[in-house]
Amino acid sequence: MVSTDTLVAQLEEITRNMWWCWHPEIWQIFEAIDVELWRETNQNAVAFLDHVDKALLADRLQSGALASRVTQASRRLKEYLAASGPQANMLAGPLHQAPVAYFCAEFGLHESLPIYSGGLGVLAGDHLKAASDLAVPLVGVGLFYAEGYFQQGIDENGQQREYYGRTEVENLSIRKLHDANDEPLTIHVEVANRRIAMHIWQAEVGRSNLFLLDCDIPQNPDEDRQLTTQLYGGDQRTRIRQEVLLGVGGVIALDRLGIHPGVYHLNEGHSAFATLELCARLMEEEEIDFDEACTLVSKRTVFTTHTPVPAGHDRFAPEMIDEALDHLRHRLDLDLRSFHGLGRINLDNPDEPFCMTVLAMKMSDYRNGVSHLHGRVSRRMWNDLWPFRRQSEVPIDHITNGVHVSSFLANEMRTLYERYLGADWTLEKEMPEAWSGLAAVDPGELWETHQVLKAKLLDFVERRVATQDAPRGDKAGQITPGSGLKQDVLTIGFARRFATYKRADLIMSDLERFKALVSDEERPLQIIYAGKAHPADRPGQALIRRIVERTTDPEFCGRVVFLADYDMNVARHLVQGVDVWLNNPRRPQEACGTSGQKVVLNGALNCSILDGWYAEAFDGLNGFAIGRGREFADPGRQDQQDAADLYKVLEKEVIPLYYDVDADGLPHGWIERMKWAILSMGWRYNAQRMLLDYLERAYLPAVGATVAS
Ligand SMILES: *Cc1c(COP(=O)(O)O)cnc(C)c1O
């Protein structure tokens, strides 16, 4: 019998590595100890262990079953860290001496570390986790935002309210790095004629490391301490300084840590100043000129662009660039024209702002979009950078995003997978054969598992609605307490950032028709919304208001719910429990989109515009399509057509198929589709496949190696 102290020590050790963030079997241990506290701490294992009643903890750990789960988890983590990993580890060859440095402005690893705002961050988190699983040498580089991204409340008028709270660092699986004298390791970054000191946080993400730079330290004047407080907060001046701190600071930090990357991966343009710092260093060390340095740096630089939406590309006025980067420009020995030209398509156009995407494109030899369609759109969008090339020859590749399976696959569903595929199936997730055993899944079993997950979601919604800050305006007592959602009603989920091009209210464009759908006597539907709008995005906030209004409208009430404060926890519940995942962006503005891939793993069906990843994944039977991917120059026209197609597919395909129940009580046609969705898409749209693609197409070529086939 293992002593309680040992078990507690094992738990503490487990929670020091963020590995626990993608192991639901560990969350279940905490749930079994004190489920209320687990929820109160926002599923934060470190905070849980800090706050849990010690007598209760000891008592629960007396149970043999729980004790052995703790010991087993502890052993699994040790084995995981000790193993050299699967085949990819061998493929990575030269990267073992010189790893990939993966730069990103946000990382979404878990809801307890709120330094992400949406898809970009979650993707970066998934990339790190997949690199860890595959033992591909990769370190993440980002900023530590003490207040992170805002928490969302909704007031009685449906207006979004933004709250910032300081993250309690002592309750996170991260630690500040110290030097030999036990002083915090400090680097200095020149920005806007000041020398900003930064500390470095380290998060262990399985076998990978994530380094987060932080300038909120006493050495800096107050004004500078604020620079890294909030993700995507502040004005343009804050933004450019953050980007210098991330890019330039990241290079300095890696050097200070003795890490010498073979490849620099700029995940989105925010970090592109890193390439200039690298050039400056090469020029100083090798006594070469800027052009020679550029050639060397771009060979090792990989750049991924993430959006065709113009607002998603940072652009700075030349004066802003001069103010922030004068020091670096001098080190690069460049005149203003050449320096500004690095971020311009037309060097001599003084009105053209400095674009981070242009800089990144110019400073990298490998560039990619994040889906087949987005690759094409990006080649068109950036054709002017290569004016003498045909569009199809613009050197921008594509690697379609994927999601980290263990982070989003429900535990119940994983148990089912293991029953049909064996416990080892996760090792080769990117192989279709690894998934093929699911063809034999018993329809009743799949449906039953889905119902369990759906019940969990509805339960979660009930709890959230009961505690959401602003009480819903109770119009003459017509509103029953709770959400009113029902288990046997077709349930649609819609959750993402509330950017206007994503058109959250498209399904409401004809309110009468929408009402007819939700209130149908025999075949009703209900819809759960969640999502934040950027604090400066008024139109996005208006969309939220429009939807929240419906949630209190007696005509819709009980069928439309808005969950405040979308985060990874809300996302997990939604993608695991809904029947249908709705996505209706204005094509082709969704570069990839990944939430629909999470849904696939859990057996729900996508109903989506043919945009992003779904444009290449949809085969006619593995989900539903809204329209056929037509694009109109006039957005009004586009919205009209897409709304018509949305109603059509719901009325003619989705609803009839869902409610077509056989004598045995099962909707067999629907379940067939669920199975086919998993089988046809699961192997491809996961982060393991994505990482192997990067390895083969980008990382290895950057260090002059290839995958031996
Ligand atoms: C997966 C995820 C996203 C990205 O999904 P999209 O389909 O790109 O909107 C955004 N936010 C959270 C919390 C997620 O988990």
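The values are calculated or read from the model by the stated rules, or taken from the named source; none is laboratory data. A quick note: this is a predicted structure, and the numbers were derived from the prediction, not measured. Methodologically, a virtual Cβ is constructed for each residue, glycine included, from the backbone with ideal geometry; neighbour enumeration extends over all protein chains shown. Areas reflect the complete protein model, heavy atoms only, side chains present, ligands, DNA and RNA absent. Shrake-Rupley method; radii C 1.70, N 1.55, O 1.52, S 1.80 Å.
Key figures for this structure:
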{"item": "Residue-count net charge about G262 - beta-carbon cut-off 12 Å; Lys, Arg +1, Asp, Glu -1", "result": "+2"}
{"item": "Sum of side-chain charges, A131 neighbourhood, beta-carbon under 15 Å (Lys, Arg +1; Asp, Glu -1)", "result": "-2"}
{"item": "Net charge of neighbours whose Cβ lies under 9 Å from the Cβ of R503, counting Lys and Arg as +1 and Asp and Glu as -1", "result": "-1"}
{"item": "Surface accessible to a 1.4 Å probe, K486 within the full protein complex, Å²", "result": "100 Å²"}
{"item": "Lys/Arg +1, Asp/Glu -1 at C-beta; the chain dipole; positive extreme among L213, V136, N383", "result": "N383"}
{"item": "Relative contact order of the chain, defined on C-alpha pairs under 8 angstrom at six or more residues apart (%)", "result": "13 percent"}
{"item": "Highest-first arrangement of 429-437, 566-574, 299-307, where packing means the average Cβ count within 10 Å", "result": "299-307, 566-574, 429-437"}
{"item": "Inter-label distance for E696 and H96, nm, one decimal - labels placed 7 Å from Cα along Cα-to-Cβ", "result": "2.2 nm"}
{"item": "Charge dipole of the stretch 522-561 about the Cα centre (unit charges at C-beta), most positive-ward option of Q526, A542, F556", "result": "A542"}
{"item": "Charge dipole (debye, nearest 20) of the chain; +1 at Cβ of Lys and Arg, -1 at Cβ of Asp and Glu", "result": "1020 debye"}
{"item": "Distribution of pairwise C-alpha distances over the stretch 543-677, 5 Å bins, in %", "result": "2, 9, 16, 19, 22, 17, 11, 3, 1, 0"}
{"item": "Label point 7 Å beyond Cα of R463 along Cβ direction - residues of the stretch 1-44 with amide nitrogen under 15 Å", "result": "27-44"}
{"item": "Over the stretch 298-360, equivalent-ellipsoid semi-axes from the Cα gyration tensor in Å", "result": "20, 15, 11"}
{"item": "Reachable lysines, given that their alpha-carbon falls under 16 Å from the alpha-carbon of K532 and they are not under 8 places away in the same chain", "result": "K502"}
{"item": "Peptide ranges 521-528, 322-329, 176-183 listed from the most packed, as the mean C-beta count within 10 angstrom indicates", "result": "322-329, 521-528, 176-183"}
{"item": "Nearest-0.05 FRET efficiency for D397 and M1, computed from C-beta distance (R0 60 Å)", "result": "0.60"}
{"item": "Length-normalised contact order for the stretch 4-82 - Cα pairs under 8 Å, 6+ apart - percent", "result": "43 percent"}
{"item": "Spatially proximal aspartates and glutamates relative to K78 (Cα-Cα < 15 Å; intrachain offsets below 8 disregarded)", "result": "E12, E13, D133, E204"}
{"item": "Crossing angle, helix 4-16 versus the chain [Cα axis fit, 0-90 degrees, rounded to tens]", "result": "60 degrees"}
{"item": "Karplus-derived 3J(HN,Hα), 6.51/-1.76/1.60, for each residue of the stretch 635-649, Hz, glycine and proline x", "result": "x, x, 4, 4, 4, 4, 5, 5, 5, 4, 5, 5, 4, 4, 5"}
{"item": "Total charge dipole magnitude, the stretch 319-429, about the Cα centre, Cβ charges on Lys, Arg, Asp, Glu only, Debye to nearest 20", "result": "520 debye"}
{"item": "The stretch 4-82: translational diffusion in µm²/s, Stokes-Einstein, Kirkwood Rh over Cα pairs, 25 °C, 0.890 mPa s", "result": "198 µm²/s"}
{"item": "Listed pairs K652/K675; K456/K675; K54/K454; K54/K429 exceeding 31 Å between Cα atoms", "result": "K54/K454; K54/K429"}
{"item": "Charge dipole (the stretch 413-685, unit charges on Cβ, about Cα centre) - positive-most of V661, L582, N602", "result": "L582"}
{"item": "Fraction of beta bridges assigned by DSSP in the chain that are antiparallel (%, nearest 5)", "result": "35 percent"}
{"item": "37 °C / 0.692 mPa s Stokes-Einstein diffusion coefficient of the chain, Kirkwood radius on C-alpha pairs, µm²/s", "result": "124 µm²/s"}
{"item": "Sequence-distant lysines (8 or more away, or on other chains) whose Cα lies within less than 22 Å of K299", "result": "K362"}
{"item": "Simple Cβ-charge dipole of the stretch 4-82, Lys/Arg +1 and Asp/Glu -1, about Cα centre, in debye nearest 20", "result": "320 debye"}
{"item": "Residue-averaged 222 nm ellipticity for the chain, from DSSP H runs of 4+ at -39500 (n - 2.57), nearest 500", "result": "-13000 deg cm²/dmol"}
{"item": "Potential extension, F632-E672 segment - 0.36 nm per residue separation minus Cα distance", "result": "11.0 nm"}
{"item": "Accessible surface, per residue, of the chain when the full set of protein chains is kept, probe 1.4 Å, Å²", "result": "38 Å²"}
{"item": "Fraction of alpha-carbon pairs over 24 Å apart in the stretch 114-209 - percent", "result": "40 percent"}
{"item": "Packing-based order for 123-130, 693-700, using average beta carbon neighbours within 10 Å, highest first", "result": "123-130, 693-700"}
{"item": "Length added when fully stretched, S509-D59, from 0.36 nm per residue minus Cα-Cα", "result": "156.4 nm"}
